[in-house]
Amino acid sequence: MFAFKKIDSLNKKKVKFSEIRYFSSKKKVRKAHPFHILPTSPLPFITAWGVFSMALGGVSTFHNWGFNWLFKLGLFIVVASLLKWAFNIFNEADSGYHTLAVQRGLKFGFILFIASEVMFFVSFFWAFFHSSLAPSPFIGGVWPPVGIKCFSPLGIPLLNTLILLTSGVTITRCHILIMTGNWRLSNCLMDTTIILGFLFLLLQYSEYVVAPFSISDGIYGSVFFMLTGFHGFHVFVGTLFLILAKLRLYFKKIFIDDHTSFEVSSWYWHFVDVVWIFVYFFVYIWAGRYV
(Lines give C-alpha, C1' and ligand atoms only; values in the text may rest on other atoms or scores of the structure.)
Protein backbone atom coordinates (compact mmCIF):
# COMPACT_ATOMS: atom_id res chain seq x y z
CA MET A 1 0.00 0.00 0.00
CA PHE A 2 2.87 2.31 0.88
CA ALA A 3 4.52 1.58 -2.47
CA PHE A 4 1.42 2.63 -4.39
CA LYS A 5 1.17 5.87 -2.40
CA LYS A 6 4.84 6.54 -3.13
CA ILE A 7 4.30 5.98 -6.84
CA ASP A 8 1.25 8.24 -6.87
CA SER A 9 3.23 10.98 -5.16
CA LEU A 10 5.98 10.59 -7.74
CA ASN A 11 3.46 10.81 -10.57
CA LYS A 12 2.37 14.25 -9.32
CA LYS A 13 5.94 15.49 -9.70
CA LYS A 14 7.97 16.02 -12.84
CA VAL A 15 9.90 12.74 -13.07
CA LYS A 16 12.99 11.95 -15.12
CA PHE A 17 13.04 9.44 -17.99
CA SER A 18 14.66 6.82 -15.72
CA GLU A 19 11.72 7.12 -13.31
CA ILE A 20 9.00 6.30 -15.87
CA ARG A 21 6.43 3.81 -14.55
CA TYR A 22 6.30 0.32 -16.12
CA PHE A 23 3.12 -1.63 -16.66
CA SER A 24 2.31 -5.28 -17.29
CA SER A 25 -0.19 -6.04 -20.05
CA LYS A 26 -1.96 -8.72 -18.00
CA LYS A 27 -1.56 -7.65 -14.39
CA LYS A 28 -2.40 -3.98 -14.04
CA VAL A 29 0.33 -3.38 -11.48
CA ARG A 30 2.48 -0.27 -11.65
CA LYS A 31 6.21 -0.70 -11.02
CA ALA A 32 8.90 1.88 -10.39
CA HIS A 33 11.57 -0.27 -12.07
CA PRO A 34 11.90 -2.04 -15.45
CA PHE A 35 12.76 -5.47 -13.99
CA HIS A 36 10.62 -8.59 -13.61
CA ILE A 37 10.63 -10.14 -10.13
CA LEU A 38 10.15 -13.89 -10.55
CA PRO A 39 7.87 -15.90 -8.26
CA THR A 40 9.20 -18.97 -6.47
CA SER A 41 9.40 -22.06 -8.70
CA PRO A 42 10.19 -25.76 -8.11
CA LEU A 43 11.77 -26.09 -11.58
CA PRO A 44 15.42 -25.58 -10.48
CA PHE A 45 15.01 -28.28 -7.81
CA ILE A 46 13.30 -30.67 -10.25
CA THR A 47 15.96 -30.07 -12.92
CA ALA A 48 18.74 -30.73 -10.39
CA TRP A 49 17.18 -34.06 -9.43
CA GLY A 50 16.84 -34.94 -13.11
CA VAL A 51 20.54 -34.26 -13.71
CA PHE A 52 21.45 -36.30 -10.62
CA SER A 53 19.32 -39.21 -11.88
CA MET A 54 21.02 -39.02 -15.28
CA ALA A 55 24.47 -39.15 -13.65
CA LEU A 56 23.50 -42.06 -11.37
CA GLY A 57 21.88 -43.93 -14.25
CA GLY A 58 24.94 -43.39 -16.45
CA VAL A 59 27.28 -44.78 -13.79
CA SER A 60 24.89 -47.69 -13.27
CA THR A 61 24.96 -48.43 -17.01
CA PHE A 62 28.78 -48.48 -17.07
CA HIS A 63 29.01 -50.80 -14.04
CA ASN A 64 25.91 -52.98 -14.75
CA TRP A 65 24.25 -52.17 -11.43
CA GLY A 66 20.76 -52.64 -12.83
CA PHE A 67 19.56 -49.03 -12.54
CA ASN A 68 19.85 -48.14 -16.23
CA TRP A 69 16.28 -46.83 -16.25
CA LEU A 70 17.40 -43.96 -14.02
CA PHE A 71 19.22 -42.33 -16.93
CA LYS A 72 16.11 -42.36 -19.12
CA LEU A 73 13.97 -41.08 -16.25
CA GLY A 74 16.45 -38.31 -15.51
CA LEU A 75 16.65 -37.33 -19.17
CA PHE A 76 12.85 -37.12 -19.36
CA ILE A 77 12.71 -34.99 -16.19
CA VAL A 78 15.41 -32.61 -17.46
CA VAL A 79 13.86 -32.18 -20.91
CA ALA A 80 10.34 -31.74 -19.49
CA SER A 81 11.40 -29.22 -16.85
CA LEU A 82 13.50 -27.22 -19.32
CA LEU A 83 10.61 -27.11 -21.78
CA LYS A 84 8.28 -25.94 -19.00
CA TRP A 85 10.89 -23.35 -18.03
CA ALA A 86 11.13 -22.13 -21.61
CA PHE A 87 7.35 -21.81 -21.97
CA ASN A 88 7.24 -19.86 -18.70
CA ILE A 89 9.77 -17.41 -20.13
CA PHE A 90 7.78 -17.15 -23.36
CA ASN A 91 4.61 -16.45 -21.37
CA GLU A 92 6.42 -13.71 -19.47
CA ALA A 93 7.54 -12.18 -22.77
CA ASP A 94 4.03 -12.31 -24.23
CA SER A 95 2.63 -10.78 -21.03
CA GLY A 96 4.80 -7.68 -21.39
CA TYR A 97 7.26 -8.40 -18.58
CA HIS A 98 10.33 -8.46 -20.84
CA THR A 99 11.33 -4.82 -20.95
CA LEU A 100 14.58 -3.75 -22.58
CA ALA A 101 16.36 -4.14 -19.25
CA VAL A 102 15.03 -7.69 -18.87
CA GLN A 103 16.07 -8.55 -22.43
CA ARG A 104 19.58 -7.27 -21.76
CA GLY A 105 19.72 -9.40 -18.62
CA LEU A 106 18.57 -12.51 -20.49
CA LYS A 107 21.17 -12.01 -23.20
CA PHE A 108 23.96 -11.38 -20.71
CA GLY A 109 22.94 -14.47 -18.73
CA PHE A 110 22.98 -16.58 -21.88
CA ILE A 111 26.46 -15.26 -22.76
CA LEU A 112 27.65 -16.42 -19.32
CA PHE A 113 26.00 -19.80 -19.95
CA ILE A 114 27.88 -20.19 -23.25
CA ALA A 115 31.11 -19.16 -21.48
CA SER A 116 30.58 -21.96 -18.96
CA GLU A 117 30.00 -24.38 -21.84
CA VAL A 118 33.29 -23.25 -23.40
CA MET A 119 35.08 -24.16 -20.15
CA PHE A 120 33.27 -27.52 -20.17
CA PHE A 121 34.75 -28.41 -23.56
CA VAL A 122 38.14 -26.95 -22.63
CA SER A 123 38.41 -29.63 -19.94
CA PHE A 124 37.96 -32.43 -22.48
CA PHE A 125 40.35 -30.85 -24.97
CA TRP A 126 42.82 -30.48 -22.09
CA ALA A 127 42.60 -34.24 -21.47
CA PHE A 128 42.99 -34.87 -25.21
CA PHE A 129 46.13 -32.74 -25.60
CA HIS A 130 47.61 -33.96 -22.30
CA SER A 131 47.43 -37.52 -23.58
CA SER A 132 48.30 -36.89 -27.24
CA LEU A 133 51.20 -34.42 -27.02
CA ALA A 134 53.16 -36.58 -24.57
CA PRO A 135 51.87 -40.15 -25.03
CA SER A 136 52.45 -42.49 -22.11
CA PRO A 137 54.60 -45.62 -22.55
CA PHE A 138 51.57 -47.60 -21.39
CA ILE A 139 49.82 -46.80 -24.70
CA GLY A 140 52.90 -47.43 -26.82
CA GLY A 141 54.39 -43.94 -26.66
CA VAL A 142 52.46 -42.88 -29.77
CA TRP A 143 49.15 -41.19 -30.56
CA PRO A 144 46.77 -42.70 -31.54
CA PRO A 145 47.61 -45.54 -29.14
CA VAL A 146 48.81 -48.87 -30.47
CA GLY A 147 45.89 -51.00 -31.67
CA ILE A 148 43.48 -48.10 -32.27
CA LYS A 149 42.08 -47.72 -35.77
CA CYS A 150 40.90 -44.14 -36.24
CA PHE A 151 38.07 -42.90 -38.41
CA SER A 152 38.98 -41.39 -41.75
CA PRO A 153 38.38 -37.62 -41.67
CA LEU A 154 37.09 -37.78 -45.26
CA GLY A 155 34.00 -39.84 -44.54
CA ILE A 156 31.12 -39.07 -42.19
CA PRO A 157 33.15 -36.48 -40.21
CA LEU A 158 33.69 -34.34 -43.32
CA LEU A 159 30.01 -34.63 -44.27
CA ASN A 160 28.99 -33.61 -40.75
CA THR A 161 31.34 -30.63 -40.97
CA LEU A 162 29.72 -29.47 -44.20
CA ILE A 163 26.27 -29.95 -42.65
CA LEU A 164 27.04 -27.81 -39.60
CA LEU A 165 28.76 -25.10 -41.65
CA THR A 166 25.74 -24.99 -43.96
CA SER A 167 23.39 -24.79 -40.98
CA GLY A 168 25.43 -21.84 -39.67
CA VAL A 169 24.86 -20.05 -42.96
CA THR A 170 21.11 -20.79 -42.98
CA ILE A 171 20.55 -19.63 -39.40
CA THR A 172 22.50 -16.42 -40.04
CA ARG A 173 20.51 -15.72 -43.19
CA CYS A 174 17.31 -16.45 -41.26
CA HIS A 175 18.32 -13.86 -38.67
CA ILE A 176 18.89 -11.26 -41.38
CA LEU A 177 15.48 -12.00 -42.92
CA ILE A 178 13.76 -11.68 -39.53
CA MET A 179 15.27 -8.22 -39.07
CA THR A 180 13.93 -7.24 -42.51
CA GLY A 181 10.46 -8.70 -41.86
CA ASN A 182 10.61 -11.51 -44.45
CA TRP A 183 8.66 -14.06 -42.40
CA ARG A 184 7.94 -16.63 -45.13
CA LEU A 185 11.55 -17.18 -46.19
CA SER A 186 12.83 -16.98 -42.61
CA ASN A 187 10.45 -19.85 -41.69
CA CYS A 188 11.85 -21.94 -44.56
CA LEU A 189 15.45 -21.32 -43.51
CA MET A 190 14.62 -22.16 -39.90
CA ASP A 191 13.11 -25.47 -41.04
CA THR A 192 16.26 -26.16 -43.08
CA THR A 193 18.51 -25.53 -40.08
CA ILE A 194 16.48 -27.88 -37.88
CA ILE A 195 16.57 -30.63 -40.53
CA LEU A 196 20.34 -30.23 -40.86
CA GLY A 197 20.67 -30.56 -37.08
CA PHE A 198 18.75 -33.85 -37.03
CA LEU A 199 20.74 -35.07 -40.05
CA PHE A 200 23.98 -34.40 -38.16
CA LEU A 201 22.74 -36.43 -35.19
CA LEU A 202 21.68 -39.31 -37.44
CA LEU A 203 25.09 -39.45 -39.12
CA GLN A 204 26.86 -39.22 -35.76
CA TYR A 205 24.83 -42.18 -34.51
CA SER A 206 25.63 -44.19 -37.63
CA GLU A 207 29.34 -43.50 -37.00
CA TYR A 208 29.05 -44.81 -33.45
CA VAL A 209 27.40 -48.00 -34.69
CA VAL A 210 30.38 -48.91 -36.92
CA ALA A 211 33.10 -47.59 -34.58
CA PRO A 212 36.07 -50.00 -34.39
CA PHE A 213 36.68 -49.03 -30.74
CA SER A 214 34.56 -48.28 -27.68
CA ILE A 215 34.62 -45.83 -24.79
CA SER A 216 36.40 -48.47 -22.67
CA ASP A 217 39.33 -48.83 -25.11
CA GLY A 218 41.82 -46.73 -23.16
CA ILE A 219 42.31 -43.00 -23.13
CA TYR A 220 41.65 -42.55 -26.86
CA GLY A 221 38.22 -44.18 -26.73
CA SER A 222 37.31 -42.27 -23.58
CA VAL A 223 38.31 -38.87 -24.92
CA PHE A 224 36.85 -39.50 -28.38
CA PHE A 225 33.40 -40.52 -27.16
CA MET A 226 33.29 -37.87 -24.43
CA LEU A 227 34.16 -35.07 -26.87
CA THR A 228 31.99 -36.19 -29.78
CA GLY A 229 29.21 -37.50 -27.55
CA PHE A 230 28.84 -34.34 -25.50
CA HIS A 231 29.06 -32.27 -28.66
CA GLY A 232 26.25 -34.36 -30.15
CA PHE A 233 24.22 -33.78 -26.98
CA HIS A 234 24.77 -30.03 -27.37
CA VAL A 235 23.63 -30.26 -31.00
CA PHE A 236 20.47 -31.99 -29.73
CA VAL A 237 19.89 -29.22 -27.16
CA GLY A 238 20.59 -26.56 -29.80
CA THR A 239 18.06 -28.22 -32.12
CA LEU A 240 15.47 -28.07 -29.32
CA PHE A 241 16.22 -24.35 -28.90
CA LEU A 242 15.69 -23.85 -32.62
CA ILE A 243 12.40 -25.79 -32.55
CA LEU A 244 11.10 -23.54 -29.76
CA ALA A 245 12.22 -20.45 -31.67
CA LYS A 246 10.57 -21.87 -34.80
CA LEU A 247 7.25 -22.26 -32.96
CA ARG A 248 7.39 -18.64 -31.85
CA LEU A 249 8.27 -17.58 -35.38
CA TYR A 250 5.41 -19.63 -36.83
CA PHE A 251 2.85 -18.20 -34.39
CA LYS A 252 4.13 -14.64 -35.03
CA LYS A 253 5.53 -14.15 -31.52
CA ILE A 254 8.87 -12.94 -32.92
CA PHE A 255 9.17 -9.34 -34.10
CA ILE A 256 11.71 -7.26 -36.00
CA ASP A 257 12.79 -5.36 -32.88
CA ASP A 258 12.13 -8.12 -30.32
CA HIS A 259 13.43 -11.63 -31.10
CA THR A 260 15.52 -12.51 -28.05
CA SER A 261 14.53 -16.20 -28.09
CA PHE A 262 15.71 -16.60 -31.66
CA GLU A 263 18.84 -14.55 -31.06
CA VAL A 264 20.11 -16.63 -28.13
CA SER A 265 19.23 -19.84 -30.00
CA SER A 266 21.34 -18.74 -32.95
CA TRP A 267 24.23 -17.88 -30.61
CA TYR A 268 24.10 -21.37 -29.16
CA TRP A 269 24.00 -22.91 -32.62
CA HIS A 270 27.08 -20.95 -33.72
CA PHE A 271 28.78 -22.14 -30.53
CA VAL A 272 28.25 -25.82 -31.38
CA ASP A 273 29.45 -25.08 -34.93
CA VAL A 274 32.73 -23.63 -33.66
CA VAL A 275 33.27 -26.50 -31.20
CA TRP A 276 32.79 -29.02 -34.00
CA ILE A 277 35.45 -27.30 -36.12
CA PHE A 278 37.97 -27.87 -33.30
CA VAL A 279 36.76 -31.45 -32.81
CA TYR A 280 37.03 -32.20 -36.53
CA PHE A 281 40.49 -30.67 -36.95
CA PHE A 282 42.16 -32.12 -33.86
CA VAL A 283 40.29 -35.37 -33.15
CA TYR A 284 39.69 -36.52 -36.73
CA ILE A 285 42.38 -34.86 -38.90
CA TRP A 286 45.32 -34.40 -36.54
CA ALA A 287 44.81 -37.56 -34.46
CA GLY A 288 43.96 -39.60 -37.56
CA ARG A 289 46.81 -38.30 -39.68
CA TYR A 290 48.22 -41.80 -40.14
CA VAL A 291 44.94 -43.22 -41.51
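The values are calculated or read from the model by the stated rules, or taken from the named source; none is laboratory data. The model shown is predicted, which means the values in this text are computed figures rather than measured ones. Neighbour counts run over all protein chains shown; Cβ positions are idealised from the backbone, glycine included.
Brief remarks on what is shown
- Annotation for the range 82-92: no member residue is farther than 20 Å from residue 232 by Cβ, assigned by TED's automatic domain parsing to the domain that holds residue 238 and touching a residue at least 40 places away in the same chain (Cβ under 8 Å).
- Criterion (under 23 Å from residue 106 (Cα atoms), in the same structural domain as residue 135 (by TED's automatic domain parsing), buried (at least 18 other Cβ atoms within 10 Å of the Cβ) and β-branched (Val, Ile, Thr)) met by exactly one of 254, 176: 254
- Of all the numbered requirements in (1) at pLDDT 85 or above; (2) surrounded by 13 or more Cβ atoms within 10 Å (Cβ to Cβ); (3) not aromatic (Phe, Trp, Tyr), residue 112 misses one, and that requirement is (2).
- Taken together, 200, 213 contain a single residue that is in a helix (DSSP H, G or I) and either buried (at least 17 other Cβ atoms within 10 Å of the Cβ) or at pLDDT 90 or above (or both), which is 200.
- Test: residue in the range 190-201 that is farther than 30 Å from residue 64 by Cβ and acidic (Asp, Glu): yes
- Every test in (1) hydroxyl-bearing (Ser, Thr, Tyr); (2) within 18 Å of the chain's Cα centre (by Cα); (3) assigned by TED's automatic domain parsing to the domain that holds residue 271; (4) surrounded by 14 or more Cβ atoms within 10 Å (Cβ to Cβ) is passed by residue 123 save one, and that test is (4).
- Taken across the range 159-178, residues that are more than 25 Å from residue 62 (Cα to Cα), out of contact with any Ser or Thr (no Cβ under 7 Å at 6 or more places or on another chain) and among the small types (Gly, Ala, Ser) do occur, with at least one present.
Okay, residues lined up against (1) of a type in the set (D, E, K, R); (2) surrounded by 10 or more Cβ atoms within 10 Å (Cβ to Cβ); (3) modelled with pLDDT under 90; (4) within 18 Å of residue 95 (Cα to Cα):
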position	(1), (2), (3), (4)
15	no, yes, yes, no
21	yes, yes, yes, yes
24	no, yes, yes, yes
47	no, yes, no, no
50	no, yes, no, no
59	no, yes, yes, no
